[in-house]
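Just below is one structure, and these are the notes that go with it.
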Amino acid sequence: MLQPNVLIVDDEPEFLETVAERLANRGFSVDTAQNGAVALEKIGSQIFDAIVLDLMMPEIDGMETLKRALKKKPDLQIILLTGHATLQTGIEAIKLGALDFMEKPADIDALAAKINEGRDRRVEMDEQVRETAVREALKKYGW
Amino acid sequence: MDHNQDQLRRLSLDFLAQVTANATHEIKNELAVMNEQSHLLQEFLEMAAKGRQVDPERLHTLVERIIARVGQADEVVKRLNAFAHSADLKPGALRADGLLPLTLEMFARRASLLGVSVEAEGGDVELPTGVDMFLLEAAMWYCLVNASEAAGKGQVLKAGLEKGPEGLVFWLKGDFAQEPAPPEAAILESLGASFSAGQNEVRLSLSK
């Protein structure tokens, strides 16, 4: 199976660059965005197995980016990364449809495992959609 | 405790909480970057130990970046320390040319999150004796928050401290979409300050 492709969104360029390099060293295909607007553009035009999203960003913050991204693509697997994770923030993010939330600094292997979980969940969702489509087509034609 | 004192105590704690939350987020951010960079450095060293070629220039750059980040985190701590001590300075010990940059540096991250930036203008002004530094800093902070919110994203505000006919004045200039709200009355009353705001300017005047 191909390694997951992941989009990392953070307004701190050196953090973004270093996490991207560490994940790339583990075989992930990594793209980056320095703000919510660029992330939403990339999400609209590309397919990602998981999005790692910083909560505190100027202009469009992580929570708003999460809402807009899931509106575009409800099957997105988003991991919220935050410098000040609170249970309340995490619960809110998960209620909105995030896969999970992690506190900065996150252990890179734990983050990698979460990205893989996101990819697996997305693949599963895709298979379910395909199965439903096939079942409906069979029903439609009476097969 | 009367209502005004109670209100002042609540606002002082709110201001202190905002300043410390801001500074600790900045420090945490620097630590998060250093954490990633030092782990990457460790990974390169592990690769080298396994016989893989690692570019020494890449290691050098990483170390330089970590050193720079330590310096930035140290700046935040120094600023927080200067703020902590500003409240108990003797009159005249902290001049306006120290107060304005300190307040703006403390506010920079919040400004960035609100989508604005604030630039200092003007020179050295002596602060009036007997001024309550903590309350003055709080009043300036709330002026900055309210003006930044009123300005909206993408704006560059100008800030200055000057001696006007009415006494020391802290002003902010920008294009405000709506009139910036004043700091709460309890702060203004305790500081002996007045506030005025228009579409382009905010003035906090200390008449005491």
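Some values worked out for this structure:
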quantity	calculated
Among the residues listed as A:Glu59, A:Glu17, A:Glu12, the single one being under 24 Å from A:Thr89 (Cβ atoms), within 14 Å of chain B (Cβ to nearest Cβ) and free of Cβ contacts under 8 Å to residues at least 40 places away in the same chain	A:Glu59
Check on A:Thr65, more than 17 Å from A:Ala33 (Cβ to Cβ), surrounded by 15 or more Cβ atoms within 10 Å (Cβ to Cβ), of a type in the set (Val, Ile, Thr) and more than 11 Å from chain B (Cβ to nearest Cβ)	no
Strands (runs of 3 or more DSSP E) wholly inside segment B:79-192 containing at least 2 residues that are free of Cβ contacts under 8 Å to residues at least 40 places away in the same chain	B:167-173
Near pairs, Cβ below 9 angstrom, 6+ apart or cross-chain, from segment A:119-143 (farther than 30 Å from A:Gln3 by Cα) to any residue that is modelled with pLDDT of 85 or more	A:Trp143/A:Ala137
Among (1) in a loop (DSSP other than H, G, I, E, B); (2) of a type in the set (A, V, I, L, M); (3) touching a Leu at 6+ places or on another chain (Cβ under 7 Å) - the single one A:Ala39 does not satisfy	(1)
Sole residue being at pLDDT 85 or above, under 24 Å from B:Ala32 (Cα atoms), within 13 Å of the chain's Cα centre (by Cα) and hydrophobic (A, V, I, L, M, F, W, C), chosen from A:Ile47, A:Ile43, A:Ile51, A:Ile60	A:Ile51
Hits in segment B:24-50 - residues which are polar (S, T, N, Q) and more than 9 Å from chain A (Cβ to nearest Cβ)	B:Ser38, B:Gln42
Meets criteria (crowded, with 17+ Cβ neighbours inside 10 Å, assigned to a strand (DSSP E or B) and touching a helix residue (DSSP H, G or I) at 6+ places or on another chain (Cβ under 7 Å)) for A:Ile60	no
Hey, B:Gln53 polar (S, T, N, Q), in contact (Cβ under 8 Å) with a residue 24 or more places away in the chain and out of contact with any His (no Cβ under 6 Å at 6 or more places or on another chain) or not	no
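The values are calculated or read from the model by the stated rules, or taken from the named source; none is laboratory data. Nothing here was measured: the structure is a model prediction, and the numbers come from that model. Note: ideal-geometry Cβ built from the backbone for every residue, glycine included; neighbour counts use all protein chains shown.
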